[in-house]
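S.K.: Once you've had a glance at the structure underneath, I'll fire off some questions.
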Amino acid sequence: MTTPTQKPQSRAGTHQPFRDRPLAVATHGGLILLMSVVAIAAPFAVLRYGEPVPSGGVIWDFSMGLGFGALGLAALQFAMTGRLRWITHPFGADIVYLSHRYLSWGAVALMLTHFGLLYVFHQPALGVLNPLEARWELTAGRVSMACFLGLIVTSQFRKQLRLPHEWWRALHLVMAVVGISAGVAHVLGVGNLTDTPAKRALWLGVTLGWVMILVWTHLIRPWQQAQNPWRVVANTPERGGVHTLELAPEGAPLHRWKPGQFAWLKIDRTPLSLIEHPFTISNAPEKGPNVAFSIKPVGDHSSALVRTPVGTRAYIDGPYGAFSIDRLPKADGFVMIAGGVGITPILSNLHALEARADTRPVILLYGNPDWEDASFRDELDTLKERLDLTLVHVIDEPPQDWHGERGPIDRNLLERHLPEHTRDWPHLMCGPGPMLDALRGHLHELGVSKWHIDYEIFELV
Ligand SMILES: Cc1cc2nc3c(=O)[nH]c(=O)nc-3n(C[C@H](O)[C@H](O)[C@H](O)COP(=O)(O)OP(=O)(O)OC[C@H]3O[C@@H](n4cnc5c(N)ncnc54)[C@H](O)[C@@H]3O)c2cc1C
């Protein structure tokens with residue numbers, strides 16, 4: 001099995017009854033949602049406040065509203081993807097990226113409807129399309145719309161377009177910045193509902209907030225990383241082609257790190273580089289301050305990363321993520337299911353249980369294509385001696401003398417190894433997307449509630 005490759009989907013485990021401080025997490029999440037609604041609605045309230053605005057007719061006014069909403073929603077995406085800890089914490093980074101995807105579609109739909117209504121009902125107001133003859137502010141609006149459409153198409157069809165991830169990311173940033181800048185220029189240039197200094201100040205304020213997020217994510221955070229470099233102190237080959245890189249801090253160690261979390265890793269690059277990759281921190285915080293990343297070579301960058309020489313400088317942005325036993329303190333035990341390199345966050349959680357002498361039972365089903373490539377199987381054997389761990393290897397193409405389970409992990413296999421009393425335990429799963437989809441179906445059939453299933457997908461975009 002290789003790195004999971006499916007698109008992110010809605011994850012079930014964000015409001016499990018086991019979660020620590022569920023009320024605080026729900027309040028935090030609710031507050032962020034409320035702030036998002038206010039961010040989009042505020043321009044309307046302020047623009048309508050004060051002198052009454054002459055109506056241009058229902059459709060005209062509606063279309064203007066859609067335009068403002070579109071721009072507000074688009075600008076909000078910078079906060080959502082800026083890895084701001086207070087936004088990602090209550091939901092988990094994957095949920096935030098998934099919401100970003102859907103909200104971006106929403107913003108583009110609003111933009112297209114704004115344009116479409118004007119095109120059908122107020123055509124003269126749009127003037128000519130030729131940018132050489134058109135009013136600059138209308139061309140700015142069209143540039144903005146083209147950028148956002150480009151963002152959606154390149155993200156949705158990145159693989160079909162054979163766009164390498166790093167090119168896609170650079171293009172994404174450029175189109176997003178140009179799109180928002182052109183959109184704000186369009187709003188200010190057209191001047192509908194922006195005709196007083198106070199209203200213009202509102203838009204400039206919104207723009208300033210957006211610029212501050214950009215400066216934070218692309219200048220201040222890299223500067224902080226530059227102050228806190230890391231050094232590769234070991235590169236250990238594991239089974240299955242995986243290499244574990246151990247990094248030691250040369251500045252501040254990781255702060256508020258929970259087992260099972262991941263971080264963005266830049267190795268042998270400047271902190272300003274856009275080339276960085278997410279990897280689970282495969283050891284436990286108790287074994288810090290050094291962190292370990294266990295990397296399977298699947299493409300150009302991961303293949304280069306596994307060859308990293310000891311002594312190389314690195315930068316880490318993290319930790320992020322919510323796939324952690326620390327969020328499940330009330331669980332009586334855990335079912336964990338891993339496919340291939342999806343074992344890394346589970347390994348980290350097991351190391352944490354071991355370091356804490358936590359004796360709660362764990363049943364781990366671990367699927368691999370073949371026995372020799374089952375990464376960390378020796379380490380798991382050692383953990384088994386120190387934990388209440390039931391370890392079931394499931395091998396797709398086992399050796400001839402194999403007496404264990406054969407893959408894939410299906411409903412019968414789950415029924416054989418997961419006794420009835422485990423149905424209410426949290427089920428933590430990490431593996432290829434199709435495997436997780438199938439497992440969720442089987443577990444539901446066995447009576448496991450979706451609130452007891454939490455899973456990590458190794459693909460954010
Ligand atoms: C939360 C999380 C935790 C992960 N933990 C591990 C781990 O512990 N061990 C491990 O081996 N792999 C892990 N991965 C997967 C790892 O990030 C990718 O395998 C790696 O980035 C592939 O890069 P590549 O250029 O070598 O391969 P490519 O062939 O270029 O990419 C393969 C796929 O990986 C994804 N990807 C590539 N580059 C990036 C990037 N810069 N940012 C985000 N996604 C990217 C894309 O979906 C791409 O389709 C994790 C991924 C996520 C999201």
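Bear in mind these aren't lab numbers, they're just calculated from the coordinates by the rules spelled out. All of these numbers come straight from a predicted model, not from anything done at the bench. Here Cβ is always computed from backbone atoms with ideal geometry, including for glycine, and neighbour counts include all displayed protein chains.
S.K.: So, how do all the Cα-to-Cα distances of segment 139-223 break down into 5 Å bins, in percent, from 0 on up?
M.R.: In order of increasing distance, the bins hold 3, 14, 18, 19, 18, 14, 8, 4, 2, 0 percent.
S.K.: Going by Cα centres, segment 365-387 and segment 236-260 are how many Å apart?
M.R.: Taking the Cα centre of each part, segment 365-387 and segment 236-260 sit 19 Å apart.
S.K.: Which shape class, rounded, prolate or oblate, goes with segment 228-320 when its Cα gyration tensor gives a ≥ b ≥ c as root eigenvalues, a/c under 1.5 marks rounded, and past that a/b bigger than b/c marks prolate?
M.R.: Working: a/c = 1.44, a/b = 1.17, b/c = 1.23.
It comes out rounded by the Cα gyration axes.
S.K.: Now for a different question. With both bridge residues required to lie in the chain, what share of the DSSP beta bridges run antiparallel, to the nearest 5%? Show your work: numbers first, answer last.
M.R.: Working: 24 of 47 bridges.
Approximately 50 percent, going by the DSSP bridge assignments.
S.K.: So what's Rg/Rh here for segment 402-461, counting alpha carbon atoms and using the Kirkwood radius for Rh? Walk me through the numbers before you get to the answer.
M.R.: Numbers: Rg = 12.1 Å, Rh = 12.3 Å.
Radius of gyration relative to Kirkwood radius: 0.98.
S.K.: Something else now. What distance in nm separates the two pseudo spin-label positions at GLU445 and VAL120, each 7 Å out from Cα along the beta-carbon direction?
M.R.: Label-label distance for GLU445 and VAL120, simple model: 4.6 nm.
S.K.: Rank-order 93-100, 353-360, 289-296 by packing density, defined as the average count of other C-beta atoms within 10 Å over each peptide's residues, highest first. Please report the intermediate quantities before stating the final value.
M.R.: Values: 93-100: 20.5, 353-360: 14.5, 289-296: 22.8.
Going from most to least packed, we get 289-296, 93-100, 353-360.
S.K.: Tell me, what is the percent relative contact order of segment 325-456, built from C-alpha pairs under 8 Å that lie six or more residues apart?
M.R.: On the way: 213 pairs, mean separation 37.9, N = 132.
This gives 29 percent for segment 325-456.
S.K.: A further question follows. Give the angle, between 0 and 90 degrees and rounded to the nearest 10, that separates the Cα long axis of helix 197-215 from the longest principal axis of the Cα atoms of the chain.
M.R.: 30 degrees
S.K.: Moving to a separate point now. Can you give me the Cα centroid spacing of segment 107-129 and segment 442-461 in angstrom?
M.R.: The distance from the Cα centre of segment 107-129 to that of segment 442-461 comes to 42 Å.
S.K.: So, one more: Return one quarter of the surface area of the convex hull spanned by the alpha-carbon atoms of segment 53-225, equal to its mean projected area, in nm².
M.R.: Values: hull surface 48.2 nm².
Average projection, Cα convex hull of segment 53-225: 12.1 nm².
S.K.: Cross-link list LYS159/LYS266; LYS258/LYS287; LYS266/LYS296: which exceed 18 angstrom alpha carbon to alpha carbon? Before the final figure, lay out each step's value.
M.R.: Working: LYS159/LYS266 23 Å; LYS258/LYS287 11 Å; LYS266/LYS296 16 Å.
Over 18 Å Cα-Cα: LYS159/LYS266.
S.K.: When only C-alpha pairs under 8 Å and at least 6 residues apart count, what is the relative contact order of the chain, in percent?
M.R.: Values: 771 pairs, mean separation 87.6, N = 461.
Reported relative contact order: 19 percent.
S.K.: Could you order peptides 411-423, 230-242, 139-151 by the average number of other Cβ atoms within 10 Å of their residues, highest first?
M.R.: Values: 411-423: 14.4, 230-242: 17.2, 139-151: 20.3.
Highest to lowest by the protection proxy: 139-151, 230-242, 411-423.
S.K.: Another question, then. Along the charge dipole of the chain, Cβ charges K/R +1 and D/E -1, which of ASN412, MET212, GLY299 sits furthest on the positive end?
M.R.: MET212
S.K.: Report, largest value first, the span of the C-alpha coordinates of the chain along each principal axis, in whole Å.
M.R.: Taking the Cα atoms of the chain, the three principal extents are 80, 50, 40 Å.
S.K.: Let me know the whole percent of all Cα-Cα pairs from segment 344-461 that are separated by more than 22 Å. It would help to have the intermediate numbers written out before the result.
M.R.: Details: 2447 of 6903 pairs.
Pairs farther apart than 22 Å: 35 percent.
S.K.: While we're on this one: Using a cut-off of 12 Å between beta-carbons, work out the net charge of the residues near PRO229 (Lys and Arg +1, Asp and Glu -1, PRO229 not included).
M.R.: On the way: positive: ARG231, LYS266, ARG269, ARG313; negative: GLU250, ASP268.
So the environment of PRO229 carries a net charge of +2.
S.K.: Apply the a/c threshold of 1.5 to the C-alpha gyration tensor of segment 248-378 and tell me whether it is rounded, prolate or oblate.
M.R.: Working: a/c = 2.20, a/b = 1.36, b/c = 1.62.
The shape class here is oblate.
S.K.: Further question: How do 109-120, 430-441, 68-79 rank on mean C-beta neighbours within 10 Å, highest first? Walk me through the intermediate numbers first.
M.R.: Values: 109-120: 17.2, 430-441: 19.8, 68-79: 22.5.
With the highest mean Cβ count within 10 Å placed first, the list reads 68-79, 430-441, 109-120.
S.K.: Separate question: GluC sites (Glu not before Pro), restricted to segment 244-299: which are DSSP loop and have at most 15 other Cβ atoms within 10 Å?
M.R.: Counting only loop positions with at most 15 other Cβ atoms within 10 Å, the GluC sites (Glu not before Pro) in segment 244-299 are GLU250.
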